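The values are calculated or read from the model by the stated rules, or taken from the named source; none is laboratory data. Remember, predicted model here, so these are calculated numbers, not experimental data. Methodologically, a virtual Cβ is constructed for each residue, glycine included, from the backbone with ideal geometry; neighbour enumeration extends over all protein chains shown.
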Ligand code: NAD
């Protein structure tokens, strides 16, 4: 059955309704696009048809193109994939151009029928590009609806005419947040911005669309860019204001992306070059740049990790097959920075929360944290007074463990001290039902050791949040030696409820994310000790697309925490401790009270308000800059490889069980170069053989921490890749 159906009423208004029966949200695939084309032809050819309404049979219009298909388009594009892709994209342009003209002859201006898009709700990606090819877009006043072109967020850009049409409709400056940042709007905001033409009450949507079709005048059927004397809003590139826009946009985009995202550059190029030529040529240019982006391995890696695999993990790809474990009442132990955040995200998701601390004052302070977040939301108009009352009403702050009665999940976030943790575990277990699951938010203590304090170790698990809890999307779930399936399912169902992305890993020092982040920070500090120019270190990292340089990162997470971790790791590892070269720098900074941003002094200097001012000039006195500075690439290889190899070792040792989790976790957990799709994605892009070569060169110059793991060496020898399958399955 086709995803599009066609009906014709007595007045000659044809309605084409999009309804993908197998899905809750419409997404477009290639067959459905061909079907839509055939229905448009039918409407054009039928003299009894006066005009067409394109709408949806669902509450929303469409979520976009099926990204699974985009991810596979290159593979299925034949022996000459660039040509295959380009031709495939041009087919979309032909379909949309057909809709835009509806049989009108461009030369004579004769013929044509009106076509209107009637959007009941959300319209994203190609779900907005198709409406942009209609003569008018009318949306139902549905404040929950999202309208926009979010392609850039998964490493592509609106390449089915969206870029060319939006720039011509709004002008480059006005279109830029929607194209370059993937900004989404509700219908009213989309109308105010000029993306859509009209917003009506939901019940009037189809009546109004019909009325428009029946009353459309010939000039209503001509898009501005097809009309005589069209001038681009805001000016074309050689117009004085247009010139400023394009030059500024280029610098701004490069500053934000460091040039590592191929889609951002291609989008700008398509917009700029397209603005210099007639409309149909602009579409061809857009198609060529879109082909260029799809041919770049970065786009498929980003779609894979940021969309397909992220969604698979959120939907429980690795959830044990046990019955539903939806959390109804959670007990949070410790109302400090983490506990307060966990209480907020839980209450916000509709879960009843008991928030416990050692004193009532501390517990109340923890609850006030939620109030603060909700107040900010109210100021921005995102939260209503009722919503605030509702969320706060779900959190009871207390010191009384008896209040934990009826909790089906406990998340412990007290001090990082095994004794304190054991004490609260025993107290909580005395109050909660037998079947409840107990989770710890520890970042450094082994789960299996903490589980010894529990009467029910198979119901004991790690649920590791990142700070700040309300902003960070990753949650690391850690299985101890005895953790059972129900506990894993409970943790996964909880993470689903609070709408975050989970990864499930096994218990080992620093689990997964911190295990990779610490060597990255340490590599930066090591370079300071070696006399590498600190600005070179920071910029080399940022030019890779890492959100923070290692020195800024350690300032953020705090240097005393680094010292604490270094001391504990040394005590645990003895002679095998690998970071002796790092400690003198870290300890010296701590001795000087330069503890990072919280102390307004660290590797960076800060002003009174705590704003970062630049690298601290005292660094060069303590660790003089050497005359012999490394090449940029050398510094980048060190910082990228040191964290990537840790991810590979985590897989080799079975801490990670699934490379998808390794990649999604790295991007969401610490911002590992999103353009690469994650550490395994990056290794697949460079290839195992080249990666081993880089490791050998680094090992020779900098030591054994760069020794290529056996898994990688074997893959290089066999010519395998991670997502090619073999290594992933073996691991
Ligand atoms: P915090 O010091 O801000 O909060 C700890 C809270 O626990 C305090 O409010 C304290 O009063 C309370 N507490 C201490 N002993 C208690 C007891 N016996 N009974 C009840 N409450 C008690 O610490 P935090 O940063 O929120 O960290 C909490 C846990 O989360 C630690 O295990 C830490 O390793 C982990 N963690 C921290 C981060 C981070 O970025 N800070 C990230 C992930 C995990």
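Where helices (runs of 4 or more DSSP H) fall wholly inside the range 125-207, the ranges with 2 or more residues that are at pLDDT below 95 are 172-180. Number of residues in the range 394-428 that are in contact with a strand residue (DSSP E or B) (Cβ under 7 Å, 6 or more places away or on another chain), more than 14 Å from the ligand (Cβ to nearest atom) and closer than 22 Å to residue 325 by Cα equals 6. Of the residues making up the range 255-275, just one is surrounded by fewer than 17 Cβ atoms within 10 Å (Cβ to Cβ) and within 21 Å of residue 96 (Cα to Cα), namely 273. Kindly establish whether residue 538 is part of a helix (DSSP H, G or I), within 25 Å of residue 617 (Cα to Cα) and touching a strand residue (DSSP E or B) at 6+ places or on another chain (Cβ under 8 Å). In short, yes.
Scanning the range 60-110 for residues that are touching a residue at least 12 places away in the same chain (Cβ under 8 Å) and part of a loop (DSSP other than H, G, I, E, B) gives 60, 61, 63, 66, 74, 102, 103, 104, 106, 109.
Within the range 332-356, residues that are on the phi > 0 side of the Ramachandran plot sit with their Cβ atoms under 6 Å from residues that are near the ligand (Cβ under 6 Å from one of its atoms) and not in a helix (DSSP H, G or I), at 6+ positions apart or across chains, in these pairs: 334/413; 334/414. Scanning the range 477-497 for residues that are surrounded by fewer than 24 Cβ atoms within 10 Å (Cβ to Cβ) and over 13 Å from residue 318 (Cα atoms) returns 480, 481, 482, 484, 497.
Number of residues in the range 344-362 that are within 11 Å of the ligand (Cβ to nearest atom), closer than 21 Å to residue 416 by Cβ and part of a helix (DSSP H, G or I): the value is 1.
Do the conditions hold for residue 465, that is, is it out of contact with any strand residue (DSSP E or B) (no Cβ under 9 Å at 6 or more places or on another chain) and within 10 Å of the ligand (Cβ to nearest atom)? For residue 465, the condition - out of contact with any strand residue (DSSP E or B) (no Cβ under 9 Å at 6 or more places or on another chain) and within 10 Å of the ligand (Cβ to nearest atom) - is not met. Note on the range 581-614: among residues that are part of a helix (DSSP H, G or I) and in contact (Cβ under 8 Å) with a residue 60 or more places away in the chain, the one that is farthest from the chain's Cα centre (by Cα) is 585.
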